[in-house]
Amino acid sequence: MNAEAIIATEIKPQLVEAFGRQTANSLVTQATLAYVSTDGAEEERYEAFLRSICSDARVLGVWGEELSAEKLDEWRADYAKHAARLSEISQRGEETMTAQILDGRAMAKDVRGEVIAGVNEFKEKYGFTPTIAVVRAGSDPASVSYGKMIQKSFEGAGMSFVLHTLPDTATTDDVVDVVAMLNADGDIHGIMVQEPLPRDIDGDEVKATILPSKDADGVSPINAGRLAQAAPVGRDPGVPDYIVPATPLGGLEILLRAGVEISGKRAVVVGRSNIVGRPMSFLLMQYHATVSMCHSRTQNLGEVTREADILCAAVGVAHLITADMVKPGAVVIDFGFNRLGDRWVGDVDFEAAKEVAGMITPVPGGTGSMTNVILMRNVLDAAERQMKKRQG
Ligand SMILES: NC(=O)c1ccc[n+]([C@@H]2O[C@H](COP(=O)([O-])OP(=O)(O)OC[C@H]3O[C@@H](n4cnc5c(N)ncnc54)[C@H](OP(=O)(O)O)[C@@H]3O)[C@@H](O)[C@H]2O)c1
């Protein structure tokens, strides 16, 4: 972990807790100026950062001189600890391993082949085409292009795609009405409401309206609740049907296809969003890992991540996870997708971390490649369950 990562993950949360977000932001901005305008090694710049904070009148006013001096020493010690770990890693030199790269694209190709075979069988058996309906309100450019990608991949696999667009002036009731119509339409097997929705629309109400059996990306509270209640993943007889969000399910698929032993292992998931981090934690727990969930208030993030045999990052901060935060030999699953300069990178510093990890997903070409094919599989599975139910 470099100085910037220590600042973001350890110092800033402590400042927010002690002084509130506004003062913390102002302290960090001021200290960052001292950091960037100091010449010399990173350690000297980090020292300038710490001094700016610990000598600030607002900090001294609340903490007093003694506590400020203690904090200064504590944060210096954090840096020394991380620097020591980095030098330990680099001294291992020749001994450092180069991780097996988990090729999400190749695995996604295999899953796609399986889905296409399943779609053909489904059509033959039931005389219907598995169909997804995508609902979009407004014209967020990323949603428009994601919608086009879904259309291309579904149609390319022999499935059907239907798009319902509403203006950005649409109300919650307007979107709920479209979803209710799709719930009742026997030709629609999966429904996905794209986010972000316009600001005034109540996304939770919309998600709660989606019929759980058609909820293509597992966002309804019923599906999320079933996952949280640890109903086994799979279609065992008598188990209530439920659908898991495609991105974390894709991450699990990568682990399973790579033959990673999950049971009994220590897993750490960084990020607790409803669509990635949280369901990933539940999935790992269902496969009997011992799971820790980390988030923006986690202190000493590196100490937790270094315990992980399986480390999953779903944060949205480029290169937050540096090589010294990875346990040697760990399996690293990176869900992050962030713009850094002119390239896309993950939440993990891939180039450095691959020298420490045992297995690691690249970005791009890792988890992102899986999401779409797992979404198709979710809809195919949902269609099959609906047809079986209809046939009694
Ligand atoms: N591979 C795919 O197909 C796919 C799909 C969806 C998303 N993504 C990518 O995955 C990443 C995460 O997406 P998301 O939708 O889950 O994001 P999100 O809703 O913004 O959640 C981010 C999570 O990271 C935590 N966090 C933020 N800063 C942190 C820090 N410094 N240290 C530790 N935790 C921190 C947040 O903590 P709090 O809860 O405390 O705020 C939150 O739980 C993004 O890069 C996104 O582009 C990829």
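The values are calculated or read from the model by the stated rules, or taken from the named source; none is laboratory data. If you're wondering where the values come from, they're calculated on a predicted model, not measured in any experiment. Please note: Cβ atoms are built from the backbone with ideal geometry, for glycine as well, and neighbour counts cover all protein chains shown.
Tabulated values for the structure
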{"read-out": "Some residue of region 271-289 being away from the ligand (no atom under 11 Å from the Cβ), aliphatic (A, V, I, L, M), surrounded by fewer than 22 Cβ atoms within 10 Å (Cβ to Cβ) and in contact (Cβ under 8 Å) with a residue 12 or more places away in the chain", "value": "yes"}
{"read-out": "Qualifying residue in region 342-350 (condition: more than 16 Å from the ligand (Cβ to nearest atom) and not in a helix (DSSP H, G or I))", "value": "yes"}
{"read-out": "Single residue of region 290-336 satisfying the filter (within 15 Å of the ligand (Cβ to nearest atom) and polar (S, T, N, Q)) that is nearest to GLY271 (Cα to Cα)", "value": "SER296"}
{"read-out": "Counted residues, region 181-198 - those being buried (at least 20 other Cβ atoms within 10 Å of the Cβ) and free of Cβ contacts under 8 Å to residues at least 60 places away in the same chain", "value": "4"}
{"read-out": "Residues of region 327-336 classified as touching a strand residue (DSSP E or B) at 6+ places or on another chain (Cβ under 6 Å) and in a loop (DSSP other than H, G, I, E, B), total", "value": "2"}
{"read-out": "Residue check, GLY341 surrounded by fewer than 20 Cβ atoms within 10 Å (Cβ to Cβ), within 17 Å of the chain's Cα centre (by Cα) and on the phi > 0 side of the Ramachandran plot", "value": "no"}
{"read-out": "Matching option when the condition is more than 30 Å from PRO141 (Cα to Cα) and without any contact (Cβ under 8 Å) to a residue 24 or more places away in the chain, among GLY259, GLY203", "value": "GLY259"}
{"read-out": "Identity of the residue in region 26-62, in contact (Cβ under 8 Å) with a residue 12 or more places away in the chain and β-branched (Val, Ile, Thr), that ends up surrounded by the fewest Cβ atoms within 10 Å (Cβ to Cβ)", "value": "VAL62"}
{"read-out": "Close pairs from region 310-321: first more than 15 Å from MET359 (Cβ to Cβ), partner near the ligand (Cβ under 8 Å from one of its atoms) and among the hydrophobic types (A, V, I, L, M, F, W, C), Cβ under 6 Å, at least 6 apart", "value": "ALA314/VAL276; ALA314/PHE335; VAL315/VAL270"}
{"read-out": "Conditions (1) without any contact (Cβ under 8 Å) to a residue 60 or more places away in the chain; (2) surrounded by fewer than 24 Cβ atoms within 10 Å (Cβ to Cβ): number failed by GLY346", "value": "(2)"}
{"read-out": "Qualifying helices (runs of 4 or more DSSP H) (wholly inside region 1-67; at least 1 residues being hydroxyl-bearing (Ser, Thr, Tyr))", "value": "21-37, 42-54"}
{"read-out": "Residue check for VAL270: hydrophobic (A, V, I, L, M, F, W, C) and over 12 Å from the mean Cα position of the chain (by Cα)", "value": "no"}
{"read-out": "Identity of the residue in region 351-369, away from the ligand (no atom under 14 Å from the Cβ) and either part of a strand (DSSP E or B) or on the phi > 0 side of the Ramachandran plot (or both), that ends up surrounded by the most Cβ atoms within 10 Å (Cβ to Cβ)", "value": "ILE360"}
{"read-out": "Within region 143-180, tally of residues that are in contact (Cβ under 8 Å) with a residue 12 or more places away in the chain, surrounded by fewer than 16 Cβ atoms within 10 Å (Cβ to Cβ) and in a helix (DSSP H, G or I)", "value": "3"}
{"read-out": "VAL315 being under 23 Å from ILE11 (Cα atoms), β-branched (Val, Ile, Thr) and part of a helix (DSSP H, G or I)", "value": "no"}
{"read-out": "Set LYS109, LYS81, LYS71: member being part of a helix (DSSP H, G or I), basic (Lys, Arg), out of contact with any Asp or Glu (no Cβ under 6 Å at 6 or more places or on another chain) and surrounded by fewer than 15 Cβ atoms within 10 Å (Cβ to Cβ)", "value": "LYS109"}
{"read-out": "Cβ-Cβ under 7 Å pairs, at least 6 apart or on other chains, region 368-391 side more than 13 Å from ASP187 (Cα to Cα), far side among the basic types (Lys, Arg)", "value": "SER369/ARG105; VAL373/ARG112"}
{"read-out": "Evaluation of LYS265 against (1) modelled with pLDDT of 95 or more; (2) surrounded by fewer than 17 Cβ atoms within 10 Å (Cβ to Cβ); (3) more than 11 Å from the ligand (Cβ to nearest atom) (one fails), failing number", "value": "(2)"}
{"read-out": "Test for VAL345: is it closer than 21 Å to ILE333 by Cα, of a type outside the set (Lys, Arg), modelled with pLDDT of 95 or more and touching a helix residue (DSSP H, G or I) at 6+ places or on another chain (Cβ under 6 Å)", "value": "no"}
{"read-out": "Some residue of region 208-221 being in a strand (DSSP E or B) and touching a Lys or Arg at 6+ places or on another chain (Cβ under 6 Å)", "value": "no"}
